[in-house]
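A short write-up of the structure that comes next.
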Amino acid sequence: MKYLITGGAGFIGTNFIYYMLEKHPENEYVCLDKLTYAGNLANLKKAMEYKNFQFVKGDITDREFVFNLFEQEKFDVVVNLAAESHVDRSIENPGPFLTTNVLGTQVLLDACRKYGVVRFHQISTDEVYGDLPLDRPELKFKESDPLKPSSPYSASKASADLLVLAYHRTYGLPVTISRCSNNYGPYQFPEKLIPLMIINAMNEKELPVYGTGQNVRDWIYVTDHCEAIELILEKGRVGEVYNIGGNCEKRNIDVVKMIVQKLGKSEELIRFVKDRPGHDLRYAMDISKMKEEFGWEPKVGFEEGIERTIEWYKANKEWWKEIINGEYMEYYNRTYGHMY
Ligand code: NAD
Ligand code: TYD
């Protein structure tokens, strides 16, 4: 089988490519990535050594380019991870989120229709459901819940999900969608909470916690997400949505304190800063469908996952130093400069 993996030079895509190269060496893999600020070709250096892996630089919104690639490569399976993925950037400038996340997905769906695939899998997010209150711990998102996104990012992801399902209903395209909670692990761009806090704490820099730090996220170690995607590709029913989560709800402040403690730093580095506009209070996933259909459950506990992640950032200082020396610093100053 020939796989197209879009967005494979980003955080989850990189992890997914290594996971699949290891687990399914019988397949061929093509990664299509625009290499935005979040994409890093160096991530795929080892993948390039595999004969069954190929990298193509390109934009999923470029219809002619995407159609030519499909015509040439004749993909069997498409896994769409290409996206603008950071909520704070979507608040600053929603445009690229609509272009890539919605129109880019449409281009891929049209190419799948024209050239035929056995599966189009859309990587979505728990954020499409909106948020849950902090004082109702029994509530969790189910696949049948209405979509009620809060940010331009989550609204663009929800729009893409609706389009994917419409292409199934209208054109019979064999699609699946997975909605996953917050991932963490190696190769995550340091604009996201966990790598940002690890790197800042290592550098003895302030740790900016939005609002009061009571917001809750459900954390999943990235390889658990990869395994869930693999199972959906193998056994998922077309037209279906699958929730993926870590069974690991944590308040932001507790995540930050744990990182500080594991790194042997002082909690005095923590700064409570201006809250994110529209900040979702709590995400929590009901993952019983994944368990019932595939016997899947997350394997890596938070303590183990965070230790592995910290070790990776300690061992790969060149990787993140390169990033924080570039456009990232401008973004950081723009975002955090006025918050204190
Ligand atoms: P990321 O920002 O690290 O990577 C995104 C990748 O997409 C980058 O390599 C970037 O260059 C590429 N890309 C962006 N626009 C493109 C375009 N127009 N054409 C081709 N490539 C383009 O994101 P991530 O955290 O790895 O997330 C991957 C997917 O998983 C996204 O769809 C995201 O919505 C979803 N998701 C992420 C999380 C999370 O916690 N990170 C949770 C649930 C779902
Ligand atoms: P983030 O990693 O941006 O993921 P998402 O917003 O998609 O869940 O943020 C995770 C949580 O951490 C979210 O509640 C916002 C909060 N946060 C901070 O408190 N400080 C920060 O500097 C960042 C980036 C996030």
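The table for this structure:
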quantity: Complete set of residues in the stretch 128-152 that are crowded, with 20+ Cβ neighbours inside 10 Å, within 25 Å of residue 96 (Cα to Cα) and not small (Gly, Ala, Ser); calculated: 128, 129, 131, 149, 152
quantity: Strands (runs of 3 or more DSSP E) within the stretch 209-258 that include 2 or more residues within 15 Å of ligand 2 (Cβ to nearest atom) and over 15 Å from the mean Cα position of the chain (by Cα); calculated: 249-251
quantity: Residue list for the stretch 172-193, restricted to those being near ligand 1 (Cβ under 9 Å from one of its atoms) and either closer than 15 Å to residue 14 by Cβ or of a type outside the set (A, V, I, L, M, F, W, C) (or both); calculated: 178, 179, 181, 182, 183, 184, 187, 188, 189, 191, 192
quantity: Residue within the stretch 215-236 that is surrounded by fewer than 18 Cβ atoms within 10 Å (Cβ to Cβ) and more than 22 Å from residue 297 (Cα to Cα) present; calculated: no
quantity: Qualifying residue in the stretch 153-174 (condition: surrounded by fewer than 23 Cβ atoms within 10 Å (Cβ to Cβ), within 11 Å of ligand 2 (Cβ to nearest atom) and in contact (Cβ under 8 Å) with a residue 12 or more places away in the chain); calculated: no
quantity: Hits in the stretch 155-208 - residues which are acidic (Asp, Glu) and assigned to a helix (DSSP H, G or I); calculated: 161
quantity: The stretch 4-30 residues that are without any contact (Cβ under 8 Å) to a residue 40 or more places away in the chain, paired with ones that are assigned to a loop (DSSP other than H, G, I, E, B) and of a type in the set (Phe, Trp, Tyr) (beta carbon under 6 Å, 6 or more apart); calculated: 21/50
quantity: Those residues of the stretch 67-88 which are over 22 Å from the mean Cα position of the chain (by Cα) and not acidic (Asp, Glu), in sequence order; calculated: 67, 68, 69, 70, 72, 74, 75
quantity: Any hit, the stretch 302-320, residues being free of Cβ contacts under 8 Å to residues at least 40 places away in the same chain, surrounded by 12 or more Cβ atoms within 10 Å (Cβ to Cβ) and acidic (Asp, Glu); calculated: yes
quantity: Positions within the stretch 275-288 being of a type outside the set (Phe, Trp, Tyr) and either in contact with a strand residue (DSSP E or B) (Cβ under 6 Å, 6 or more places away or on another chain) or not in a helix (DSSP H, G or I) (or both), in sequence order; calculated: 275, 276, 277, 278, 279, 280, 281, 282, 284, 285, 286, 287
quantity: Check on residue 138, under 22 Å from the mean Cα position of the chain (by Cα), over 30 Å from residue 263 (Cβ atoms) and assigned to a loop (DSSP other than H, G, I, E, B); calculated: no
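Bear in mind these aren't lab numbers, they're just calculated from the coordinates by the rules spelled out. Everything quoted here is computed from the prediction, not taken from an experiment. Glycine gets a Cβ as well: all are built from the backbone with ideal geometry, and neighbour counts include every protein chain shown.
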